Amino acid sequence: MSENVIETEGLTKVFNKHLTAVDHVSFSVKQGEIFGFLGPNGAGKTTTINMLITILKPTEGKASVLGFDIAKQNVDVRNVIGVVPQEYTADEDLTGLENVLLCSDLYGIPRNVAKERAMELLKLIELTDFEDKKVETFSGGMRRRLELACGLINRPKVLFLDEPTLGLDVQTRTATWNYIRKLKKEYGMTLFMTTHYLEEADALCDRIAIIDHGKIVVVGTPEELKHSLGGDIITLSIKENSDVSELIRTVEHVKDVKNEDGSYRIKAEYGEVTAPFIIEALRRKGYTVTKLMLTEPTLNEVYLEYTGKSMRDTEESREAFRAQRITMRRARQ
Amino acid sequence: MSETNHVSKSKVHGLWALTNRELKKWYKAPVVFLLTIIQPVLWMGLLGKAMNIGAIFNTSSIQLPSLNPPLTPQQLLQLGSFFGGLQSQIMQSAFNTTDYFSFMAVGMIAFTALFTTMFSGMSVVWDRRLGFLNKALSTPVSRAAIILSKVLSATLRSMFQAAIIIVVAIAFGLHFGANFNPLNILGVFGIIFLICMGLSSLFIAINIRSTRIETPMAVMNLINLPLMFASNAFFPINFMPGWLQAIANVNPLSYTTDAVRQLLIFNTDYAKLAFDFAYVGIFALVLTVIGIVLSWRFLNK
C-alpha cells in the first residue's frame, strides 16, 4: 500500500447543479503527518472534509482514505477515521463519560472495550474528575477535549479536525493543541485539520494546502510556502491618487506590485535595501510616500498572497453561520 | 493493518444507544419529565371535566313550566326518570357511552401521541443545527438507525404517557366497557405503538431537510389542532358537517381513538376493532417506509 493516507483526484462537489463548492481538487496526505487545510470562509474547506468523512457524496472525482474509496466503501472509511467537528456535539444533558460511551456505541464497540478506552482517553485529556458531571457544566476547553475523546474512541488511523480551536482563548488553544499532540503521539495518527489561526498552522502543520474558490492554490510545507513568496513584502501608500504600480515595478529587485485600493503591496527581494530605492523613485516623479511598512513573510503573508486581501462578503449559508455562532458561544462558556 | 478495531457487524448497533440518548434527555431532566406527566392530566381535567357535555342534558336543573292541573308527585317522578332516561339515551346514541368523561379521556391518548411525536420532528432539526447529526453520519452507524431512534423514542414516550393517562382516568372515574379485560390494555399499547411509528416518521420526513427550528413549529401549529379536532377524539364523527366527516373518516387518529375506546369503554365490536388495527397498521407501515426512504435519501446527499 502506498504511504499516502488520503488521496484525492479531481474531487468535485456541485450543490444545486450550479454552485461549485469544491472544484477538481487533487492532493494527498502522507502517513503520520499533520496536514493543514486553509482558506477563506466559503472556500470549500468544510465541503472537502465532509466528502472525506463520507457525509457528502462527491459530484465528480475520486478520493480514498487508507485505500478505501469514500463513495464505494464508505462504511470502511467511517470505521478507520475519527472526526472532531467544528461544533460541540456532546449532549449537554449527558455526563462526559456517557457522551464518550454514546460515541462508542455508534461504532459498535463492545461495552467492556469501550469503557476501558473511555477511561484511558478521559485520563489523557484530564477529564477523569468530570466524567460524571453533566456536559452543561463544562467550559469551552473541556468540551473541546471531550470532542477529541469522542473522535478517538474507535482508535482511528486518521483524525479529521474542523477548526478545533475556534472561539477558544489563547491559553485554552495552546492547551488544546498540547492535548492533540499528545494524543497523536500516543496513537500514531495522521491528522487532517482546518483552521483560521495561521500561526497555529505554521507551528503545527507538516504541510499546508491553501484552498480558495473551491480550488487548491498551493500545497507545501510552511517553510516552502513562505519561501515561495520570493522575498519580503513592502506595503506603502502615497498621497496622490494616481496608480504608480508600473513605476514601482521598474525598481530593481521588485518582483510584483499589487494595487489594493490605493495601498501598494510590493513583493521584493532584500526588502530593507529595496524600500529606499522605491521611495526615491517615487519622489523623483513627484509623489509623496505617506506610509511604508516592511514585513518578512509569515504564513499570513502567504495566505494573503494566495487568496487576496479583499474581504469575502460572499453569501454564506445560514446554516454554517449559525453553527459557527453556536460554537463560539459554547466555547466561551 | 487495523489490529484491534472491535467493530460489530450488526446493522442495528447504535439504534438503542441513540434511542436511549433521546430518552435520557427526557427522563433525566426532572422538569421535562414532570411536565410530560402533568400535561395530559391537565388537558384531561380541562377538556373532560370542564367541557362536561353530559351535564347539558341533565334535566334536574331545568324548571318545568307549571302545568294546570299540577302534576302529582308520582307523575313528576315518572317524568323525571323519563328525562333522565332520555339523557342517557342521547349520550349513549351520540357517544356510545353514557359518560362523556370516559369518552374524552380516552381521546386524550391519541392527542398526546400526536403532540409527543411532533417533537421528534423538532429534535431532528436540533441535531442538525448542533452538529450531532453530521457527527453521527460520520460514524459507521446505520442511517436507518439514526431515523428509527427518533421514531422509537417518541413512540416509547407516548406509550408511557398513555399509561399515565389510563391510570389518571381510572382515578378520575373512567367507566370500563362491559366486556373489558385487563389484557385489552396491551391492545391499547399496540395501537399507540402503531400510530406513533406512523406519525413520528411523518414529522421526521417533513423536517429532515429543515435547518431552522421555526419550520417544525409552524408545521405543528398548522396541522396539530385541525388534525385533532377533525377526528373523533372529542366529539363523535356523525354529528360533524359532511366535509369535516370526510376528513375525520380518513384521519388515522379517529381509528386510533376508536380502537382504544373499543378496548376500554365500549362493548367491544371486534369487526370494528380489527378494521381500526388494520387501518392504523397500514398507515404506520406506509409512513415508516416513506419516512425512512426519504431520510435515507437526504442523509446520503
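For chain B, find the longest principal axis of its Cα atoms and tell me its angle to the long axis of helix B:214-229, 0 to 90°, nearest 10.
Helix B:214-229 sits roughly 30 degrees off the main axis of chain B.
State the answer as a single residue: which of B:219, B:242, B:186 lies farthest towards the positive end of the charge dipole of segment B:168-301, with beta carbon charges of +1 for Lys and Arg and -1 for Asp and Glu, about the Cα centre.
B:219
Can you give the log10 of the normalised intensity I(q)/I(0) at q = 0.19, 0.27 Å⁻¹, computed with Debye over equal Cα scatterers of segment A:230-296?
After summing over all Cα pairs, the log10 values are -0.60, -1.32.
Exposure proxy check: B:189, B:82 ranked by fewest other beta carbons within 10 Å?
Least crowded to most crowded, the residues run B:82, B:189.
Ignoring solvent entirely, what values of log10 I(q)/I(0) come out of the Debye formula for chain B at 0.07, 0.12 Å⁻¹ when each Cα is a single scatterer?
-0.34, -0.83
Given the options B:231, B:123, B:254, which has the most mean-square fluctuation in a GNM of chain B, springs set between C-alpha atoms less than 10 angstrom apart?
So, out of B:231, B:123, B:254, the one fluctuating most is B:123.
Can you tell me what share of the DSSP beta bridges in chain A is antiparallel? A percent to the nearest 5 is fine.
70
Please find, in a Gaussian network model of chain A (springs between Cα atoms separated by less than 10 Å), the residue of A:207, A:78, A:284 whose mean-square fluctuation is greatest.
Fluctuation is largest for A:284.
Along its principal axes, what span do the Cα atoms of segment B:195-265 show, with the longest given first and each in whole Å?
Computed over segment B:195-265, the largest-to-smallest principal extents equal 42, 27, 16 Å.
Using the alpha-carbon atoms, what tilt in degrees (0 to 90, nearest 10) does helix A:140-152 show relative to the longest principal axis of chain A?
60
Cross-link list A:45/A:258; A:123/A:184; A:45/A:226; A:17/A:72; A:157/A:185: which exceed 19 angstrom alpha carbon to alpha carbon?
In this structure, A:45/A:258; A:45/A:226; A:17/A:72 lie more than 19 Å apart at Cα.
Please arrange B:272, A:17 by how many other C-beta atoms lie within 10 Å of their C-beta, fewest to most.
A:17, B:272
What number, in nm² with one decimal, is the all-direction average of the projected area of the convex hull of the alpha-carbon atoms of segment B:131-243?
10.4
Report the extension gain between residue B:183 and residue B:38 in nm, rounded to one decimal, defined as 0.36 nm multiplied by the number of residues separating them, less their alpha carbon distance.
Difference between extended and current length: 49.6 nm.
May I ask for the Rg/Rh ratio of the protein assembly as shown, computed from Cα atoms with Rh as the Kirkwood radius, given to two decimals?
With Rh from the inverse mean 1/r over Cα pairs, Rg/Rh is 1.16.
Starting from the Cα-Cα distance between residue A:261 and residue A:224, subtract it from 0.36 nm times their residue separation and give me the gain in nm to one decimal.
Result for the pair: 10.4 nm of gain on full extension.
Please figure out what share of the DSSP beta bridges in the protein assembly as shown is antiparallel and state it in percent, rounded to the nearest 5.
Given both bridge residues lie in the protein assembly as shown, the antiparallel proportion sits at roughly 70 percent.
What is the mean number of Cβ atoms from other protein chains located within 10 Å of the Cβ atom of each residue in peptide A:52-63, rounded to a whole number?
Average neighbour count from other chains, rounded to a whole number: 2.
Take every DSSP beta bridge whose two residues both sit in segment A:132-271, then give the antiparallel share in percent to the nearest 5.
If we restrict to bridges inside segment A:132-271, about 75 percent are antiparallel.
Mind checking which aspartates and glutamates have their Cα closer than 12 Å to the Cα of residue A:57? Skip sequence neighbours fewer than 8 apart in that chain.
A:69
In whole Å, what is the distance between the alpha-carbon centres of segment B:234-301 and segment B:127-206?
Segment B:234-301 and segment B:127-206 have Cα centres separated by 15 Å.
Name the residues of segment B:118-149 whose amide N is less than 20 Å from a point 7 angstrom out from the Cα of residue B:297 along the C-beta direction?
Answer for this model: B:121, B:124-125, B:143-148.
Between residue A:283 and residue A:206, what's the calculated FRET efficiency when r is the beta-carbon distance and R0 is 45 Å? Round to 0.05.
Once rounded, the FRET efficiency stands at 0.50.
Can you list, bin by bin at 5 Å, the percent of alpha carbon pairs in segment A:1-145, starting at 0?
Spelled out bin by bin, segment A:1-145 gives 2, 9, 15, 17, 16, 15, 13, 9, 4, 1, 0 percent.
Could you give the angle, 0 to 90 degrees to the nearest 10, between helix A:111-124's Cα long axis and the longest principal axis of the Cα atoms of chain A?
40
Might you list the cysteines of chain A that have no disulfide-compatible partner by the rule of another cysteine's Cβ under 4.7 Å?
Lone cysteines by the Cβ rule: A:205.
Let's see if you can work this out: charge +1 on each Lys and Arg Cβ, -1 on each Asp and Glu Cβ, no other charges. What is the dipole magnitude of the protein assembly as shown about its Cα centre, in debye to the nearest 20?
Charge dipole, the protein assembly as shown, about its Cα centre: 1080 debye, nearest 20.
Based solely on its DSSP helices, what 222 nm [θ] is calculated for the protein assembly as shown when runs of n ≥ 4 H residues each add -39,500 (n - 2.57) and the sum is averaged over all residues, nearest 500 deg cm²/dmol?
Result for the protein assembly as shown: -17000 deg cm²/dmol, rounded to the nearest 500.
Quick one: give the max-minus-min coordinate of the C-alpha atoms of chain A along each principal axis, largest first, in Å.
Projected onto the principal axes, the Cα atoms of chain A cover 80, 42, 36 Å.
Between A:293, A:142, A:119, find the one with the highest GNM mean-square fluctuation for chain A; connect C-alpha pairs within less than 10 Å.
Largest GNM mean-square fluctuation: A:293.
None of the figures in this text is laboratory data; all of them are computed from the coordinates on show. All of these numbers come straight from a predicted model, not from anything done at the bench. Virtual Cβ from ideal backbone geometry, glycine too; neighbours counted across all protein chains shown.
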